[in-house]
Each structure stands twice: as C-alpha cells, then as structure tokens.
Amino acid sequence: MLVLGIESSCDETACAVVKDGEGVLSNVVASQHDVHSKYGGVVPELAARRHLENLPVVVSEALKRAGVPAGDVDLFSATFGPGLMGALLVGLSAAKGMAWAVGRPFVPVNHLHGHITAARLNHRLTYPHICLLVSGGHTSVYRVDSPVSFVELARTRDDAAGEAFDKAAKLMGLGFPGGPAVEKAALKGDELAVKFTVPTIREKKTDFSFSGLKTAARLALEKNPRVEDLAASFQRVIVRTLVSRTVSIAREQGLKQIVMAGGVACNQKLRGEMKAACDGAGYDVVWPEPVFCTDNAAMIAAAGFHKFAANPDDPAWRNFTRVDAAANP
Amino acid sequence: MNRHLNFKTNGEQETEAVGAGIAPLLKEGDIVCLGGDLGAGKTCFVRGVLSALQENGADKVKSPTYAILNIYNGNPNVYHYDFYRIDDVKDVYALGLDDYWGRGICMVEWPKNFCYSLPGRKIDVIIKRISELEREIRISWPDEQ
C-alpha cells in the first residue's frame, strides 16, 4: 500500500511516500537545501515557515523521487495536531484535497504518534515497549501498547530538553540550533567540571523539569569556566536525567525495549549512555535514523498506514471532509 | 497615564504567587507582555496566573518557545505565546497566530514592538533578576478614564 504523508505542524513543511508503513520511497523536507535551491538560493529560516509556498514544491518533489504518480497513491495522511492552527491547516487541507480528488481514503495523524512510530521505519519493534520522545518541543515517556495505542507515563513540567540545549547554547554564545552546538563543544570539555542538578518533582518522581538549568548555566558562566567544560557538564546532566528516568520507568513497567524518538535522539552522548544503561540492564534500545528523528513526513505516512491497517473498514477514512486541525488534541 | 505595581519576590513560588494575585485584574481581550531575560521567571509567572484562572491551571503551563503558542482552554481561555523566534508581524499572520487576539487572555513572552500596535489593553510585566532567587517584578497598565 502506497501512503503519502504530509507534515506541517511547526517549522517544517514535509512530504513523503512510504510503502506498507516501512519502505520509504521518498522523504522531502523543505528546509533541506536541495528544495530551497529551486527558489534560487537558501531561504531564510522564517521564510521556510511559509508552508503554503513550500507545500506544492515539496509534494511534487516527493512524488517525483518516489516515481509514483498522485493517482497511484492508495492512502493519504497528514498531521492534524498538535501544532499551530495556521500551519496545520495547510498540510491537512492539501492532503484531504488530494485524497478527495483521486477518490482515496484519508487518515489524520497526531504528530506525537508520528514520532513514536518513526523507529519502525528502520527497526523491528516489540509491543508493548517504552518510548522516550525528546525534542525541542516535547519531552515525554510513553508506553506503546501497539502501533496505534500509547499512554504517556511521564512528561516535562516546563521546558523540553531540546529547548534547554538551545537556551544554554544562546547563553554560551554557541549559536543555533543549540543541541548540535552544545554537543560539538562538549567533545572538548570536561563533563565533571561544573556541577548541575535537575530537580525531582515531588508528586511524580519520573517527570522532568529543565527550566532551572537556564539559571544554573547563567550562574556557572559568571565564574568564567571554559565554554567546552560548561557545555559538557550541561549535556551530562540532561542526558543522565533522561536515561535514568526512562530506564526506571521501563523497570517499573517490566518492559525490555526502549525506543527513542525526536530531534534530541540524534545526540550521540544520549545514544551512548542509553545504550550503556540498557546493556547493563539487559534491555534492547533502538533509535531512528537522524532524518526520521527530526520533524519529517515519512513518520506521518507510517503512522497513517498503521491507523488504517488497524481498522481498514472504519467509515471515518472515507468521510473525512469534516476532519479539522486541533492545536491541542 | 499608566498605573504601576512593584513586587520583590524570593523564589519561584513567590513569583507564581504574584501571577496568581494579579489574575483577577485581567479580562478577556487583554494582552499581557512579559519582559525579562532567559530564566527570569516568565513562564513561572504565567503558571501563577493560570493557577488562579483555571482548575488545575498550573499543571497545563509549559514553555511555548518551540510551539510558539500554547492554548489553555477554560473560562476564560488563555493563549500563551512566545515570540522569541518571530521578528516580523507578517509571520504572525502567516501562521494564523492573530486568530485569538481579543478572544481570551493573551500572555506573550518575548513580546516584539508589533505587539503594541495590536488591538486590546496591553499590560506590561517586566521581571528583573536581582540574584539567583530574587526578582523585581514591575507591572504597568493603562489608567482607565
């Protein structure tokens, strides 16, 4: 089954064609340089948000790279939320319109469900498993019971981990995006040089809270440490918090596979520490390829496929004209 | 003419308490512009306002830096913006962020100049860091004739 997916919930406009929920035939993201070059140069970050301008280019490029005419697509899917209404509506309306035009079903996909499904594009997953979704906008741990059902077990009370990296990078003058910048600087730093702590939430010990780290990083900077040492120490506390809480949730739930998702899952330190902790505990850990960690449409097409496959006769997939975007589903 | 209120707080809980304290003064259509450096306590202040305005309101508040807008539904609805990454009012319209102005209480972190040309009463909250825990919070709003 050929599925076309569209993602436009925040910064990225993306389109992908995926076969049977796992074979990625094309995966196009607007911020990638090769799409921008069609406009005659790199489009600035803010212009890249203009989904309406990017969408037609991204969709036709995805179909072309997949070698699939629009009429051969069996199922359309798009992110319906969470995200910005104006941004969501562009991708959602386009996918519904295409499905209507060629008389195919349409499945709306929750953006977070897309991320949780991303690792399935390269890996065999066992259900139920634990998923750590960690990105600029989200930091949560889920129990994933099947390809279509998941329960949030822990979440951040304030800032997401990726946001903490970005804000710390800004304080240290390391540039944007902050995650890769901090990671790079940290390679030359001593991670034990600066002491950071992350608070435990009294009522729910597995929840995260990263907002206090901004003030802690500012205070540490006043003592003029080496930026590399500060970056390494900062990265260490975030990574250790993510790893220890995720592993302790897996233990509580009695589950032996941990799946990572989201942009921060690209961080090598996080991958290494999570792998070490899981090896020690006898758990299996997997993560998606980097292009499927950050926002992309292949994960949306895959999640759309699984939703459809779980219930192919659901009349909702045919009567989709009233499906609306939802900022907070 | 503007009216002013000044507070000194010591710790996040007290900053939240100031937010909760001024919440009853807010009405639908207001735009609260929250100024202050990274880590000053802007999100914390919003959490205080929500705790007073909505049931379990404090639990809903998360940083909107990435999402740009978090919506907290209740009576009234609260729209929590972060314009850290938005410099041009055209992007506000391109993203449909103007849909909610005037329909609930808008609270804006990293407000930009264009916020002041939007319709609605503007309330400024400036949070200044004095030490690790101490903050000076200055709230100003237009005098109603």
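The values are calculated or read from the model by the stated rules, or taken from the named source; none is laboratory data. Note that the structure is a prediction, hence the values are computed from the model and not measured. All Cβ positions, even for glycine, are placed from backbone atoms using ideal geometry, and neighbour counts span all protein chains on display. Remember, those area values only see protein heavy atoms, side chains included, never the ligands or the DNA or RNA. Shrake-Rupley method; radii C 1.70, N 1.55, O 1.52, S 1.80 Å.
Points worth noting:
- Helical content of chain A, expressed as a calculated mean residue ellipticity at 222 nm, amounts to -13000 deg cm²/dmol (DSSP H runs of 4 or more residues, -39,500 (n - 2.57) each, divided by residue number, nearest 500).
- Relative contact order for chain A, counting Cα pairs under 8 Å that sit 6 or more residues apart, in percent: 25 percent
- Charge dipole magnitude, Cβ of K and R +1, D and E -1 - the stretch A:124-287, Cα centre, debye nearest 20: 180 debye
- Helical contribution to [θ] at 222 nm, DSSP H n ≥ 4, -39,500 (n - 2.57), averaged over chain B, rounded to 500: -6000 deg cm²/dmol
- Averaged over the residues of peptide B:66-75, the number of Cβ atoms from other protein chains lying within 10 Å of each residue's Cβ is 5.
- Here the stretch B:46-145 is assigned +1 on the Cβ of each Lys and Arg and -1 on the Cβ of each Asp and Glu. Its dipole about the Cα centre then comes out at about 80 debye.
- Residues of the stretch B:82-100 whose accessible area (probe 1.4 Å, heavy atoms of protein chains only) drops by at least 20 Å² once all protein chains are present, relative to their chain alone: B:Tyr84, B:Arg85, B:Asp91, B:Ala94, B:Leu95, B:Tyr100.
- For the stretch A:124-287, the fraction of 1.4 Å probe accessible surface lying on carbon and sulfur atoms is 51 percent.
- Computed over the protein assembly as shown, the percent of Cα pairs more than 38 Å apart is 25.
- Most fluctuating residue given options A:Phe210, A:Phe76, A:Phe176, as computed from a GNM of chain A linking Cα atoms under 10 Å: A:Phe176
- Helix A:227-253 axis versus longest C-alpha principal axis of chain A: approximately 70°, rounded to the nearest ten.
- Between the Cα long axis of helix B:12-22 and the first principal axis of chain B there is an angle of about 60°, rounded to the nearest 10.
- Hz values of 3J(HN,Hα) by residue in the stretch A:213-224 - Karplus curve (6.51, -1.76, 1.60), Gly and Pro given as x: 5, 4, 5, 4, 5, 5, 4, 5, 5, 4, 8, 6
- Accessible surface comparison of A:Met98, B:Met107, probe 1.4 Å, protein chains only, largest first: the order is A:Met98, B:Met107.
- Max-minus-min Cα coordinates of the stretch A:124-287 on each principal axis give 48, 31, 26 Å, with the largest extent listed first.
- Residue-level accessible surface for A:Thr126, protein heavy atoms, 1.4 Å, Å²: 80 Å²
- Modelled label positions at A:Lys256 and A:Ala316, each set 7 Å beyond Cα in the direction of Cβ, lie 3.4 nm from each other.
- Each label was represented as a point 7 Å from its Cα along the Cα-to-Cβ direction; for A:Glu22 and A:Asn122 these points are 1.5 nm apart.
- Unit charges at the beta carbon, dipole of the protein assembly as shown: most positive-side option, A:Ala14, A:Pro312, A:His129: A:His129
- Residues of chain A: accessible area per residue with a 1.4 Å probe, Å²: 40 Å²
- Per-residue SASA remark: A:Cys10, around 20 Å² accessible (1.4 Å probe; ligands, DNA and RNA not included).
- Folded to 0 to 90 degrees: helix B:42-53 orientation relative to chain B principal axis, Cα: 90 degrees
- Centre-to-centre separation between the Cα atoms of the stretch B:62-87 and those of the stretch A:202-235: 24 Å.
- Here the convex hull built on the C-alpha positions of chain B has a volume of 106 cubic angstrom per residue.
- A straight line joining the Cα centroids of the stretch A:130-158 and the stretch A:184-201 runs 24 Å.
- Most positive-pole-ward Cα, B:Ile71, A:Ala99, A:Gly272, against dipole of the protein assembly as shown from beta carbon charges: A:Gly272
- Pairing chains A and B buries close to 2600 square angstrom of accessible surface in total, based on protein heavy atoms and a 1.4 angstrom probe.
- Each Lys and Arg contributes +1 and each Asp and Glu -1, all at the Cβ; summed about the Cα centre of the protein assembly as shown, the dipole is approximately 520 debye.
- Across the cross-link table entries B:Lys8/B:Lys42; A:Lys256/A:Lys307; A:Lys170/B:Lys62; A:Lys214/B:Lys42, which are compared at the Cα atoms, the separations over 23 Å belong to A:Lys256/A:Lys307.
- Accessible-area loss of 50 Å² or more (1.4 Å probe, protein heavy atoms, chain alone versus all protein chains) is found in the stretch A:78-106 for A:Leu84.
- Taken one residue at a time, the phi angles of the stretch A:270-282 give Karplus couplings (6.51, -1.76, 1.60, θ = phi - 60°) of 5, 4, x, 5, 5, 4, 4, 5, 6, 4, x, 8, x Hz. Gly and Pro are set to x.
- Largest to smallest in accessible area, the residues A:Arg104, A:Arg65, A:Arg322, B:Arg121 fall in the order A:Arg322, A:Arg65, A:Arg104, B:Arg121 (1.4 Å probe, all protein chains included).
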